[in-house]
Amino acid sequence: MKLKAIQQDFHKALDADYDKEEVDQFFFMICDYYFNVKRITLAIQPDYAISEDEAELVFQALEALKRHEPIQYLLKTTEFFGLTFQVNNQVLIPRPETEELVAWIIESKLEEIKAPLRILDIGTGSGCIATALAKHFEHAEVFGVDISEEAIKVAQRNAEINNVSVRFIQSDILTVDPTIIADFALPFDIIVSNPPYVREMEKQQMKPNVLNHEPHLALFVDDANPLKFYKAITDLATKTLVEGGLLFFEINEYLGNDMVALLLEHKFKDVALRRDMFKRNRMIKGVQNK
Ligand SMILES: C[S@@+](CC[C@H](N)C(=O)[O-])C[C@H]1O[C@@H](n2cnc3c(N)ncnc32)[C@H](O)[C@@H]1O
């Protein structure tokens with residue numbers, strides 16, 4: 001079968017649910033993943049054909065896309081901060097706004113803090129933040145914590161494939177197991193977290209690819225206590241960050257003011273909210289001020 005004909009099938013099946021360009025992107029990603037056929041190859045060889053068996057693989061992927069399964073889970077891989085990450089449906093797919101958070105950490109005046117940096121990523125998921133920071137700060141000691149055993153396995157693999165050393169620990173950050181604190185021993189220079197922050201009341205705004213396929217453990221919090229992770233982590237940060245150490249969070253865009261209040265209550269200074277590329281308040285930073 002000619003790949004160009006299958007591309008038309010993709011448009012017929014998916015254009016009602018996705019942008020046309022996104023459909024093309026899915027199609028080219030699938031051709032690259034299964035057959036190592038690049039977009040440019042199809043442009044040069046419009047009659048490029050595959051066998052019936054090979055076509056079957058592409059049509060299975062098409063069925064999954066019709067069910068709104070994220071392409072990153074289908075292809076088991078994604079990119080974050082210029083690095084390749086393996087993903088499965090036990091971990092959140094890394095988002096562009098989280099790349100912006102990593103960029104903010106990197107551009108902060110870390111040279112004022114002693115080297116080597118000690119960095120803790122809480123709710124590490126795929127390990128994207130921890131791994132990207134370990135890659136950038138070559139001499140840093142980086143730790144990642146997650147409650148999910150499966151996420152820890154994925155994060156470990158991602159650190160390995162990106163050739164960095166990160167120590168991952170499975171633990172519940174809400175109960176803050178004293179053995180983890182003992183494990184950490186020395187204070188941190190940076191604590192970063194992108195914890196679950198979507199309120200149940202916000203579920204109806206979510207797209208089916210997220211709501212029906214990404215892990216709810218990574219996404220949702222009760223309407224009654226939407227900052228529960230932030231409260232626990234901020235409290236932990238007051239005990240485990242050095243003086244002048246930095247606390248960074250990705251946040252719910254509707255809870256920016258509450259987050260500023262939370263950090264100020266815990267005596268953090270130079271508290272700053274930051275907007276993402278869509279001008280939504282999506283990040284906050286504070287400086288430990290014991
Ligand atoms: C929003 S995801 C962030 C994943 C990754 N850091 C990222 O930015 O793509 C939140 C993560 O917090 C983890 N998590 C949820 N509850 C937790 C808890 N009680 N203790 C530790 N981690 C938790 C989830 O398993 C999930 O991996």
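The values are calculated or read from the model by the stated rules, or taken from the named source; none is laboratory data. Since the model is a prediction, treat every value here as computed from it, not as a measurement. Cβ sites come from the backbone with ideal geometry, for glycine too, and all protein chains shown count toward neighbours. We work out accessible area using only protein heavy atoms, side chains counted, and drop any ligands, DNA or RNA first. Shrake-Rupley method; radii C 1.70, N 1.55, O 1.52, S 1.80 Å.
Key figures
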read-out	value
Cβ charges +1 (Lys, Arg) and -1 (Asp, Glu), total dipole of segment 1-122, debye	200
Gain on full stretching of the segment that runs from Ala49 to Lys153 - 0.36 nm per residue minus C-alpha separation	33.6 nm
The chain, accessible area per residue, ligands and nucleic acids excluded (1.4 Å, Å²)	49
Total charge dipole magnitude, the chain, about the Cα centre, Cβ charges on Lys, Arg, Asp, Glu only, Debye to nearest 20	660
The chain: angle of helix 149-161 to the longest principal axis, Cα-based, in degrees nearest 10	80
For segment 3-67: span of alpha carbons on each principal axis (Å, largest first)	28, 23, 18
Accessible surface, 1.4 Å probe, highest first, among residues His136, His213	His136, His213
Which of Asp258, Asp189, Asp53 is most accessible, then next, and so on - probe 1.4 Å	Asp53, Asp258, Asp189
Between helix 96-107 and the chain: long-axis angle, C-alpha atoms, 0 to 90°, nearest 10	40
Distance between segment 205-283 and segment 1-32 - C-alpha centres, whole angstrom	37
Assigned charges on the beta-carbon of Lys, Arg, Asp, Glu; segment 3-67 dipole about Cα centre (debye)	140
P(r) weight above 36 Å for the chain, C-alpha pairs, percent	23
Surface share of carbon and sulfur [accessible, 1.4 angstrom probe, percent] for segment 119-188	51
In degrees, nearest ten, helix 52-66 long axis to first principal axis of the chain (Cα)	50
Close Lys-Lys pairs in segment 86-287, where close means Cα under 14 Å and separation is 8 or more or interchain	6
Two-site label geometry, Ala13 and Asn225: point separation in nm, points 7 Å out along Cα→Cβ	4.5
Ser51 accessible area, assembled protein chains, probe 1.4 Å, Å²	50
Cα-based reach from Lys38 at 19 Å (exclusive), listing lysines while leaving out same-chain residues under 8 positions away	Lys2, Lys4, Lys20, Lys76
Carbon/sulfur fraction of accessible area - segment 3-67, other protein chains in place, 1.4 Å, %	48
Cα-based shape type of segment 1-157, given that a ≥ b ≥ c are square roots of the gyration tensor eigenvalues and the cut on a/c is 1.5	prolate
Ranked order, Lys267, Lys12, Lys66 - accessible area, probe 1.4 Å, largest first	Lys12, Lys267, Lys66
Leading residue at positive end of dipole, the chain (Cβ point charges), from Ala130, His213, His266	His266
